[in-house]
Structure formats: structure tokens, C-alpha cells
Amino acid sequence: MGPNGDIYGVDLQHTYICKESTNVPNVNSVERPPSSEPLRSEGYPPRLCNAEIPHKATQVIASPGFVSVLIMKPVPVPGLPHSIRESRVASRESRVAGSARSVLIWDHVAMIPRYSLPEMSIIWSDEHKLEIWQEVETLVVEAWVELGVAPAAAARALRAAPPVDAAAVTEREKITNHDVAAFVDILAESVSTGGEWIHYGLTSSDVLDTANGARMVEAADLLVKRVEGLFDVTRALAKEHRHTVMLGRTHGIWAEPTTFGLKLATWAFELARDHERMLRARSAIGIGKISGAVGTYAHTPPAVEKSVCDRLGLQVEPASSQITHRDRHAEFLQAIALTGASIERFATEIRHLQRSEVAEARESFGRGQKGSSAMPHKRNPILSERMTGMARLLRGYAQVGLENVALWHERDISHSSAERVVLADACLALDYMLAKFTDLVANLVVDSERMLANLGGTHGLVFSQAVLLALIEAGMTRDDAYRIVQRSAMRSWDEGIE
């Protein structure tokens, strides 16, 4: 398991969360958590690099909750053209004089900040959406130039154009009541020449769906990497406990002995299947279309489509209508929901094992953590419960994906409003779940002595099948042997004897 490369576009190894939107800390003076504490903090890495950064930043974006200061550097982003790689980094950098690195002041977008992590939030930010829209429009003009239709000066001017301002698009949309039309207006006004060639021969879905394909691929790559991380820690824990004997339970009742390692191995193999499903879904959504209003190429030849999709690292929709077909999006959302269901299964097991009466495994409990506002003794499985609740969201998003498949004729926009919510939120939610649950498994507290004690407390009941088979081998009929063992077992249940 493993992706072909890093899709982040920024170095997110070091993150500091500050409550004040006007002060950026000197990272050398930031207090570090005790080394004995597990590495936690809502999915953000808690340690900082050494870099000289002034206390004041000039480009801080205020946020209702908090802002993040990210120490970053440009890195390759496979599958995206050079211009997007550069713009994704450059538009978020604020070069500080005398600093060896750059500072990114990043504002939370989409979903709610509590369940949004930086990398995925950047992918689904309005700024990044407009970056890809602008790249699609630019690639189309460049394709027209290659075909000898548009003047080369138009492509050069558009390639040199500044990033489109999201706030300006929002203001213009109040007039146009159409987000793509507003974007095209603002972009055309920003170029020195050739503005008339922007959006030439296109319909809105050419831009929207092609850009969304590129963005979903970025999101899928990040999710694949998260699944791999969870797989790695789960497999390692399974190997560590391959000889840790414990009770197996069916219907919540004692069954037969098993090992904790085998239990974890079922998780690891399920995660491998989640990984395969996500890769298949990534292939399904990595699609673009530049085929015009009803997909007939009436005003834009297939050569333009191929050029744009090739440069974005996308496949061409074999037979588009006005859109790329929504069964693709539904498949992606189903893969997300299934991965969430896997996490829910694992989390439910931890919740049962952490019950006071069982107490065989539990979530780590940090220094200073409080389990209850009223009862100081409480250590609740809060992360596992959180995973269970968030998995319910993912199933709802998957249902919306199915509802979006059937559209009128060549297209309608009944899918559009729902899609704007569920694609971003589903990716953000699963990204968060994978990060948090990886942390949970890495720090899971396993009480092997309690496992043996619980096994010993069964008074040998869990060996009833072994006794049954021994009696059959000695010559008894199965039913006679079963009745004998059952009578003895019921007495052991009722009287608590061996």
C-alpha cells in the first residue's frame, strides 16, 4: 500500500494553534508537551520546528475560532500541472523578512472547525476551488492557441493573471446570481488583453466538473494516505498481540478463546479492502469534460478536452451529457462511507472492551484530561463514541450521492446544492476520523492481565465445544454428548463452579 507521491503541496509537519488572530508566536519559545504524554491535539502535530519568525504577522486572516500558523515549503504535487502546484503554495505564502521559511496563515473553511484538519480544508477552500477554475480556463485558452484559434497573447495574459479574489466573486454573484458567470467576469477584467477568449466555447459544467474531478482526486489521495497510516499502526499492534490470549465473544456472550492479535488482524484486512475501494473510487472520479452545453462538442472540439484533461492528469468522460456522470461521485461517497463504517466497527469494539465490567482495552487518558464534569472517576471512550457518531454522517452523505445520480435529460442542477455540502463534508469528516482513530490505535492501552483474568472467570465454560468433540470421538452420538455437556455447562453458569 502506498501512493505515488505527496499530494499536500505544503510541508505540514509543524503546526501551532493560536487563539489570537493578531499575534504569531516565536516558535522557539512555544511550550512543548511533556515527552511522557501521548502525541495528541485534535489531529495536529504538537511539536514545532526551529525557525526564526517575528511575533507580528502582516497577513493574518481572522477566524471565529482560531487561526493556524503553518511552517511550509513548496513540494511536488503529482498529477497536477506546474501552474497549480505553484499557485497553491504561492497564494498562501507570506514571506517574512529574515526568516528561513514561510508562514501560512490559514483560515478554516467548510464543515465545522472542530472536525476539519488543515490539509483537507485547503483542498475544499473557496480559494483553491477558484485556483483550479482559473487553471481550467487557462488551459482551455492555451488549447485554443495550439489549434490556431485564439491569439497567443491571450494565453500569455491569462497565464500571468493574478488569482481571482473569492470575495470579489461573491460580490459579483449578487448581481449575476450565477457563480461561474461571476468568476468569468472577474477573471476577464483582470487580464491585460484577450479577455474575450476566456470561457470561449464552454458551458459552466465544463469548468465545474473538470475542476471538481481534480479536487476530488486530491482529496482521495489524502484519504488513501490516511488509510495507509491507520493500516500500518493496526498491523503493528496486531503483530505485537498475536499471542495475547483473550475471550472471544459472540452476541456479547462468552464464546471461545481467541487472541487480541487476531481481532486486530480482521481490522487490518478490512482496512486493506477500504484502501482498494478508495483507489477504485479515485480512478472513477478522476474525470473531466470539455464538451459543451449538451456534450456534443458543437463549439469545442475533442482536442481541447483532451489537452486540458491530459494536463490536469484526468481521464476524459467517454460520453458526457452536459456533466460528468454522478454515479462516479456516488461511488466515491460510498467508498468514504464504507471506510467510516469500518472505523465504526473498530470503535464499537473498543467501546465494549472499555466497559468497566470488561476493562480489557481502553483509550489513553491524558494528563489533565477530565472524563466527566460531575464524576471525577470517569474515563469514557469519547473518541470511539465520536467515531460512531461521525460514521452516521458519512452514511447520510452516501445516500445523497445516490440521489444525485438521476437527473433530467442532459442535466439539471438538483444535484448542485447537495453536492456543494456533501463532497467537502464527507472528505473532511473521514479525513478527521482517520487521523483521530490512527492516534487512538497508536496509543491504545491493552490490559493483557485483565484479559487472562476474564478468561479464567469463565470456569472453563469456553471449552465446552472441545469437551463435546472429545465425547463424540469417544463414541457417543452428537446429541447425547451435547446434552451431557450442556447440563454441566448450565450448572456451571448457575452455581459458578468449574
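The values are calculated or read from the model by the stated rules, or taken from the named source; none is laboratory data. No experiment lies behind these values; they were computed from the predicted model shown. Backbone-built Cβ (ideal geometry, glycine too); neighbour counts: all protein chains shown.
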Filtering segment 158-171 down to residues that are surrounded by 20 or more Cβ atoms within 10 Å (Cβ to Cβ) and in a helix (DSSP H, G or I) yields 158, 169
When (1) at pLDDT below 95; (2) outside any helix (DSSP H, G or I); (3) touching a helix residue (DSSP H, G or I) at 6+ places or on another chain (Cβ under 9 Å) are applied to residue 368, the one that fails is (3)
The lone condition residue 439 fails out of (1) surrounded by fewer than 16 Cβ atoms within 10 Å (Cβ to Cβ); (2) within 30 Å of residue 225 (Cβ to Cβ); (3) charged (D, E, K, R) is (1)
Considering segment 372-408, residues that are of a type in the set (S, T, N, Q) and either surrounded by 14 or more Cβ atoms within 10 Å (Cβ to Cβ) or within 28 Å of the chain's Cα centre (by Cα) (or both), and then whichever is nearest to residue 354 (Cα to Cα), we arrive at 380
Residue set 227, 184; condition assigned to a helix (DSSP H, G or I), under 30 Å from residue 438 (Cβ atoms) and among the β-branched types (Val, Ile, Thr); output residue 227
Quick count over segment 135-154, residues being part of a helix (DSSP H, G or I) and in contact (Cβ under 8 Å) with a residue 40 or more places away in the chain, is 13
- request: Determine whether segment 320-343 contains at least one residue that is crowded, with 17+ Cβ neighbours inside 10 Å, modelled with pLDDT under 95, among the acidic types (Asp, Glu) and out of contact with any Phe, Trp or Tyr (no Cβ under 7 Å at 6 or more places or on another chain).
  value: no
Any chance residue 293 is surrounded by fewer than 16 Cβ atoms within 10 Å (Cβ to Cβ) and over 30 Å from residue 347 (Cβ atoms) = no
Of (1) buried (at least 22 other Cβ atoms within 10 Å of the Cβ); (2) small (Gly, Ala, Ser); (3) modelled with pLDDT under 95, residue 424 satisfies every one except (3)
Those residues of segment 454-484 which are touching a helix residue (DSSP H, G or I) at 6+ places or on another chain (Cβ under 8 Å), polar (S, T, N, Q) and either under 30 Å from residue 215 (Cα atoms) or exposed (fewer than 15 other Cβ atoms within 10 Å of the Cβ) (or both) amount to none
Note on segment 442-453: residues surrounded by fewer than 23 Cβ atoms within 10 Å (Cβ to Cβ) and part of a helix (DSSP H, G or I) are 442, 448, 449, 450, 452, 453
Out of (1) loosely packed, with under 12 Cβ neighbours inside 10 Å; (2) of a type outside the set (Phe, Trp, Tyr); (3) modelled with pLDDT under 95; (4) not in a helix (DSSP H, G or I), the one residue 417 does not meet is (4)
Tell me, yes or no, whether segment 454-472 has at least one residue that is under 38 Å from the mean Cα position of the chain (by Cα) and in a helix (DSSP H, G or I).
-> yes
